[in-house]
Amino acid sequence: MALRSPLINVMAGAAKKAARGLLRDFGEVEQLQVSLKGPSDFVSAADRRAEEVIRAELTKARPTFGFLMEEQGVVVGTDTSNRWLVDPLDGTTNFLHGIPQFAISIALERDSKPFAGVIYDPIRDEMFWAEQGQGAYLNEKRIRVANRRRLEDTVVVTGIPHRGRAGKEGYLPQLAAMMELTSGIRRFGSAALDLAWVAAGRFDGYWEGGLKPWDLAAGVVLVLEAGGTVSEVNGGQGMLHSGSILATNPVLHPLMCEALVNAGSRSAL
Ligand code: 2AM
Ligand code: CA
């Protein structure tokens, strides 16, 4: 049985509390889908409400920590070495369309490095969590990255740049390369869950560009603690700054990295 630290309990508790509201709101979205006005204002409000719940819970438990949040931005704490990175609703486009693939992502950054993370999928009641040096877990079970060693055996996941997103130019050659090399490519629309599913061995690898620190921080801890390797698509370690990410197991990492870089990713991501 996995023993959660007080820190993970605080993070998981905040995620679960916000998830109750999101689940209620997701039910509403399914109704609003057919209304003329559409659900987008409603979803923005749901997003903000979830963030407020998370902020309140985390502040109650650790009053000195600062925040970087998707909706409310930066809150400077008196403790300068600990900061929460919060994405209250990752997979917003899915949520808006009534597609049940979204998550709450909360990371703790310590001395500017991701230290602990929880990613909660309220639809499946799956809590992914990890803390530096303690391993990665799904609910009560230890998880590990998949151990496939040949690209031809892999199923990988990605995010496809769309209207309003940068990085479209260099993406198609990357996609073409992966189409040639892998057994299959998926696009699920939640960066946080994509990373959590790599950590759990469901996907063999994941790459995407144009992301934000709150999309990535918790998932980075999860994949590393599950025995994976994480970098930017070009192999660098500035994932949270550049928003470029490649996560897979240590054997596949150099293979995927080389294939993506050769496809022309260096200029685009
Ligand atoms: P979001 O749902 O919180 O916006 C989809 O490819 C992934 O990219 C999601 O995790 C999505 O997070 C994230 N993302 C980051 N910036 C985005 C943007 N400007 N537009 C759409 N998705 C974005
Ligand atoms: Ca997000």
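Here is the figure for segment 161-181: residues that are open to solvent by 90 Å² or more (accessible area, probe 1.4 Å) and on the phi > 0 side of the Ramachandran plot total 0. For Thr158, indicate whether it is open to solvent by less than 10 Å² (accessible area, probe 1.4 Å), farther than 20 Å from Asp87 by Cβ and of a type in the set (Val, Ile, Thr). In short, no.
For the subset of segment 44-60 comprising residues that are within 14 Å of ligand 1 (Cβ to nearest atom) and surrounded by fewer than 19 Cβ atoms within 10 Å (Cβ to Cβ), which member is farthest from Tyr120 (Cα to Cα)? Residue satisfying both the conditions and the ranking: Ser44. Those strands (runs of 3 or more DSSP E) of segment 91-208 in which 3 or more residues are modelled with pLDDT of 95 or more and not aliphatic (A, V, I, L, M) occupy 103-110, 113-121, 126-131, 205-208. When residues in segment 209-246 are screened for being under 12 Å from the mean Cα position of the chain (by Cα), crowded, with 19+ Cβ neighbours inside 10 Å and assigned to a loop (DSSP other than H, G, I, E, B), 2 of them pass.
Yes or no, residue by residue, for (1) touching an Asp or Glu at 6+ places or on another chain (Cβ under 9 Å); (2) at positive phi; (3) of a type outside the set (Lys, Arg):
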| position | (1), (2), (3) |
| --- | --- |
| Ala130 | yes, no, yes |
| Gly133 | yes, yes, yes |
| Gly159 | yes, no, yes |
| Ser183 | yes, no, yes |
| Leu193 | yes, no, yes |
| Lys212 | yes, no, no |
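Of all residues in segment 61-90, those satisfying the criterion of being within 14 Å of ligand 1 (Cβ to nearest atom) and buried (at least 23 other Cβ atoms within 10 Å of the Cβ) are Leu85, Val86, Asp87, Pro88, Leu89, Asp90. Checking segment 135-158 against the condition returns a match, with at least one residue being in the same structural domain as Lys17 (by TED's automatic domain parsing), in contact with a Leu (Cβ under 7 Å, 6 or more places away or on another chain), touching a residue at least 12 places away in the same chain (Cβ under 8 Å) and closer than 30 Å to Phe26 by Cβ.
The values are calculated or read from the model by the stated rules, or taken from the named source; none is laboratory data. Here the structure is a predicted model, which is why all the values come from computation and not from measurement. Here Cβ is always computed from backbone atoms with ideal geometry, including for glycine, and neighbour counts include all displayed protein chains. Side chains are part of the model used for accessible areas, which takes the heavy atoms of the whole protein and leaves out ligands, DNA and RNA. Shrake-Rupley method; radii C 1.70, N 1.55, O 1.52, S 1.80 Å.
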